[in-house]
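One structure is given here, and the rest of the page talks about it.
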Amino acid sequence: MSIDRPVPVPRTAVPLGITDPVKSARAELRAALAAIEVKANAPRRASEAVERKVQEFRTKAQQNPEVAIAAVAGAAALVGLAVWGLVRAYTR
């Protein structure tokens, strides 16, 4: 069983079979720039990391809702304490 359609190439890879040196150089440059963009795009990487952690937390919350409720309550308490401390320091 063979596949008649071409296999997609990731943006950061150089496709095989390019014989023209100019096209090959352009493909290598395009792949290098895409790799730099992927590595240097900190907001996108941070967003993807947050999405992964949120998904992890949701999975754990479905498995053990009591611990999730306690974690959310603890986080809310910490945020409230921080805001209270900042307001108190500002008003003095």
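The values are calculated or read from the model by the stated rules, or taken from the named source; none is laboratory data. Remember, it's a predicted structure, so these values are computed and weren't measured experimentally. Cβ sites come from the backbone with ideal geometry, for glycine too, and all protein chains shown count toward neighbours.
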Quiz item: Which residue, of Val67, Val50, Val14, is surrounded by 10 or more Cβ atoms within 10 Å (Cβ to Cβ) and in contact (Cβ under 8 Å) with a residue 12 or more places away in the chain?
Solution: Val14
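Please enumerate the residues belonging to region 25-47 that are closer than 18 Å to Thr12 by Cα and loosely packed, with under 11 Cβ neighbours inside 10 Å.
Scanning region 25-47 gives Lys39, Ala40, Ala42.
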Quiz item: Taking Tyr90 and the conditions (1) exposed (fewer than 10 other Cβ atoms within 10 Å of the Cβ); (2) at pLDDT below 90, which numbered condition does it fall short on, given that it satisfies the others?
Solution: (2)
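Does Ala31 meet the test of being part of a loop (DSSP other than H, G, I, E, B) and either touching a residue at least 12 places away in the same chain (Cβ under 8 Å) or of a type in the set (D, E, K, R) (or both)? Give the steps one after another, and end with the answer.
Numbers: part of a loop (DSSP other than H, G, I, E, B): no; either touching a residue at least 12 places away in the same chain (Cβ under 8 Å) or of a type in the set (D, E, K, R) (or both): yes.
When the stated conditions are applied, Ala31 does not pass them.
Is it the case that some residue within region 17-27 is part of a helix (DSSP H, G or I), polar (S, T, N, Q) and on the phi < 0 side of the Ramachandran plot?
Scanning region 17-27, I find at least one residue that is part of a helix (DSSP H, G or I), polar (S, T, N, Q) and on the phi < 0 side of the Ramachandran plot, so the answer is yes.
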Exercise. Take Pro10 and decide whether it is in a helix (DSSP H, G or I) and of a type outside the set (A, V, I, L, M, F, W, C).
Key: no
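Considering Glu37, Glu51, Glu66, which residue is among the acidic types (Asp, Glu), assigned to a helix (DSSP H, G or I) and at pLDDT below 90? Walk me through it before giving the result.
Values: Glu51 fails: at pLDDT below 90; Glu66 fails: at pLDDT below 90.
Exactly one of Glu37, Glu51, Glu66 is among the acidic types (Asp, Glu), assigned to a helix (DSSP H, G or I) and at pLDDT below 90, namely Glu37.
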